[in-house]
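K.L.:
Below is one structure. I have some questions about it.
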Amino acid sequence: MALSSTDILDKVRDAVIQGDTKETVSGTNRALVAGLSANVILDKGIIPGLQEVGDLYGRGEYFLPELLISGDAALNALKLLEPLLSTSGTTSQGKFLIGTVEGDVHNIGKDIVLTMLKGNGWKVTDLGVDVPPEEFCSAIERGDFDILGLSSLLTTTMAKSVATIEGLKKAGLRGRVKIMVGGAPVTQEWADKIGADGYAKDAAMACKVAAVLLDKSQKEGRNAGT
């Protein structure tokens, strides 16, 4: 008996939770063969799995090794979906620089965000994890980015987002780019407090906030030229 679309997506989700890379990838392929879109597989299979992993980690039922294993399983599946998301016919957006702040090696949330941004037409440059403020500043100085995304999954590393923003100010680069922050411990209130331009609680919101910030940046640029 053939599996239903719901059953296929549930198996992808469960494989991510279990950190089973082989089953996550095969399940993703099965979903594609069944005619499910990359966006549906991401939204209904992979992301729910990662959200459950995050909840398990938050409750102390999962630890860093399980978190990393599940993240690796998801990333291998995302490699299959990314080309499909990137060719979804969306209009071109802006340039987005993203990275996980210094002292933090978590990449799950960041990689989901960058994949969805690419799927929505953004040109994304990923600096990876454990990125010091100086590296963010150097990249902004060299590049032509519209938005900088700072990811922090640990409360202890949130201060590095502050240090990055302060570093950009000292270097005279703050006005070049809009800054978004996100991650499990991050809130809108904290984003406002540190002077970030935007906050997103998940990947879907990140795409919406980025579009709003890009529009705002373009309007400011036009006003500055008048």
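K.L.:
Got at least one residue in the stretch 14-24 being touching a Lys or Arg at 6+ places or on another chain (Cβ under 9 Å) and of a type in the set (Gly, Ala, Ser)?
P.N.:
Yes; the residues of the stretch 14-24 include at least one that is touching a Lys or Arg at 6+ places or on another chain (Cβ under 9 Å) and of a type in the set (Gly, Ala, Ser).
K.L.:
Does any residue of the stretch 157-170 turn out to be over 18 Å from the mean Cα position of the chain (by Cα), closer than 29 Å to Leu64 by Cα and at pLDDT below 95?
P.N.:
no
K.L.:
Go through the stretch 10-56 residue by residue and tally those that are farther than 20 Å from Asp111 by Cα and in contact with a Gly (Cβ under 6 Å, 6 or more places away or on another chain).
P.N.:
Final tally of qualifying residues: 1.
K.L.:
So, in the stretch 129-174, of the ones that are of a type in the set (Ser, Thr, Tyr) and touching a residue at least 24 places away in the same chain (Cβ under 8 Å), which residue ends up surrounded by the most Cβ atoms within 10 Å (Cβ to Cβ)?
P.N.:
Ranking the candidates gives Ser151 first.
K.L.:
Something else: Among the residues of the stretch 111-128, write down those that are touching a strand residue (DSSP E or B) at 6+ places or on another chain (Cβ under 9 Å), surrounded by fewer than 23 Cβ atoms within 10 Å (Cβ to Cβ) and part of a loop (DSSP other than H, G, I, E, B).
P.N.:
Within the stretch 111-128, Leu127, Gly128 meet the criteria.
K.L.:
Determine which member of the set Thr115, Thr100 is modelled with pLDDT of 90 or more and under 30 Å from Leu173 (Cβ atoms).
P.N.:
Thr100
K.L.:
Filter the stretch 143-169 for residues that are touching a helix residue (DSSP H, G or I) at 6+ places or on another chain (Cβ under 6 Å) and not in a helix (DSSP H, G or I) and give the result.
P.N.:
Asp146, Ile147, Leu150, Ser151, Ser152
K.L.:
Also, I was wondering about something else. With out of contact with any helix residue (DSSP H, G or I) (no Cβ under 9 Å at 6 or more places or on another chain) and not assigned by TED's automatic domain parsing to the domain that holds Glu135 as the only criterion, which of Arg59, Arg13 stands out?
P.N.:
Arg59
K.L.:
Which ones in the stretch 153-186 are touching a Ser or Thr at 6+ places or on another chain (Cβ under 7 Å) and of a type in the set (S, T, N, Q)?
P.N.:
Matches in the stretch 153-186: Ser161 only.
K.L.:
What number of residues in the stretch 175-206 are among the aliphatic types (A, V, I, L, M) and touching a residue at least 40 places away in the same chain (Cβ under 8 Å)?
P.N.:
Result for the stretch 175-206: 7.
The values are calculated or read from the model by the stated rules, or taken from the named source; none is laboratory data. The structure presented is a predicted model; accordingly, all values stated were derived computationally and were not measured. Reconstructed Cβ throughout: ideal geometry from the backbone, glycine too, with neighbour counts over all protein chains shown.
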